[in-house]
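The values are calculated or read from the model by the stated rules, or taken from the named source; none is laboratory data. This is a predicted model, so every value here is computed, not measured. Here the Cβ positions follow ideal geometry from the backbone for every residue, glycine too, while neighbour counts run over all protein chains shown.
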Amino acid sequence: MKKKISVVGSANSGLPESKTPEAASGIEAVASGSLSIGVFVLAILAAIGALYVGKEVFLPVVLALVLKLMLQPIMNALCERLHVPHTLSALFLIICLFGLVAALAVTISVPASAWIQKIPEILPDIQQKLEGLRQPIEYLQQAFSAVTNMTSPGGEGPAVAVKDGSGVASTLALGTVKTLSRFFATMVVLFFLLVAGDRLMRGFIEVLPRFSDKRQATTIANEIQQNIGGYLLTITMMNAAVGVATGIAMWGCGLGDPLLWGAAAFLLNYVPVFGPLTGIGVFLVAGIVTLSWPWFAFLPAILYLLIHVAEGETITPLLLAGRLKLNPVLVIVSLFFWHALWGIPGALLAVPLLAVLKIVCDHVESLKPISHIMAA
């Protein structure tokens, strides 16, 4: 009887039952998992903030690393086949790269400045030829007129605009100085990376604790060098071919300034999707302004589109078969992300950085699901 009363009292009592060890361990696991996810999200946000705030430091370093991947095959050929010392080989490549960029900038600066000066005349001409789009073009014309009045000597308050650095000329000057400082910083870092060769990577691999980790890191480094370096070198050669073909096509159709249009096509082709779309818009405006309306005005944009289709849909996929098969959606998201962080240089680096992440995920067992999602 006492036993029965004890059981009934225990069942009907309002006191909470003590948790079993299994339930307690389950709650602790859920709490630990939630905490880990929260820490991971905070770490990602902190890394993004650091990349944005410290872009003047990180951007030249990342640019130098990407350029090293592209130039490493040439560096190996100079050092191993021609037996040129590492320092002289690196200095030679830096001088060639610097000279190429300087020659390109000097060559296109004159025609580019001429087109910029013609902007106030271009808009009324476009407005006349595209009567159906009058209202949007009027808005653009008013905006450019306001900018011109602010920066011209006879405009309202030009002295204030020049003194406080708010004019377009001051903005362009500051942008040029910032670009040059980044370029020189990139060249300095690139020089020391080329001179160091693989010593930095070997040092990183040697401090790894286990042999399996060393082998995995070596495989990842070799694949990044082979795939990313080959991709960048191939893309650069194809973009140069696109630039030459575009310059010849623009000269042939009467647009003029073949060096300017060739250089523009060369640079725009580094940015997937958005680069060619921007190029089509640029050549469309240039054709409308320069060539007779309407039969020949669309010819530059059509020729550029045909060149891009031949390169982007036929030639380059054949040359890059089996390399960098990335999900197009993630490529677009990566473009937006890196452009928001680092501007135009970030957009240029978006695809190589995404490809590096995929290669790392391919060889790390816990990250292979992410690699599967990133694959095309």
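Scanning the range 80-119 for residues that are closer than 14 Å to L193 by Cβ and hydrophobic (A, V, I, L, M, F, W, C) yields A90, L91, L93, I94, L97.
Considering every residue within the range 356-374, establish whether at least one is assigned to a loop (DSSP other than H, G, I, E, B), exposed (fewer than 15 other Cβ atoms within 10 Å of the Cβ) and in contact with a Pro (Cβ under 9 Å, 6 or more places away or on another chain).
Looking through the range 356-374, none of the residues is assigned to a loop (DSSP other than H, G, I, E, B), exposed (fewer than 15 other Cβ atoms within 10 Å of the Cβ) and in contact with a Pro (Cβ under 9 Å, 6 or more places away or on another chain).
Which one is nearest to F337 (Cα to Cα), of the residues in the range 291-308 that are at pLDDT below 90 and either surrounded by fewer than 17 Cβ atoms within 10 Å (Cβ to Cβ) or in contact with a Pro (Cβ under 8 Å, 6 or more places away or on another chain) (or both)? Checking each candidate, the answer is H308. Residues in the range 206-225 that are closer than 17 Å to L353 by Cβ and without any contact (Cβ under 8 Å) to a residue 40 or more places away in the chain: 1 in all. Within the range 184-216, the set of residues being within 25 Å of the chain's Cα centre (by Cα), surrounded by 14 or more Cβ atoms within 10 Å (Cβ to Cβ) and part of a helix (DSSP H, G or I) comprises A185, T186, M187, V189, L190, F191, L193, L194, M201. Of all the criteria given as (1) at pLDDT below 90; (2) surrounded by 11 or more Cβ atoms within 10 Å (Cβ to Cβ); (3) not basic (K, R), the one not satisfied by L82 is (2).
Do we find that A64 is small (G, A, S) and surrounded by 15 or more Cβ atoms within 10 Å (Cβ to Cβ) in this structure? Even if it seems obvious, please write down each step before you answer.
Values: small (G, A, S): yes; surrounded by 15 or more Cβ atoms within 10 Å (Cβ to Cβ): yes.
The answer is yes for A64.
As a summary of the residue check, G256 satisfies the conditions (1) among the small types (G, A, S); (2) within 26 Å of the chain's Cα centre (by Cα); (3) surrounded by fewer than 19 Cβ atoms within 10 Å (Cβ to Cβ) except for the one numbered (2).
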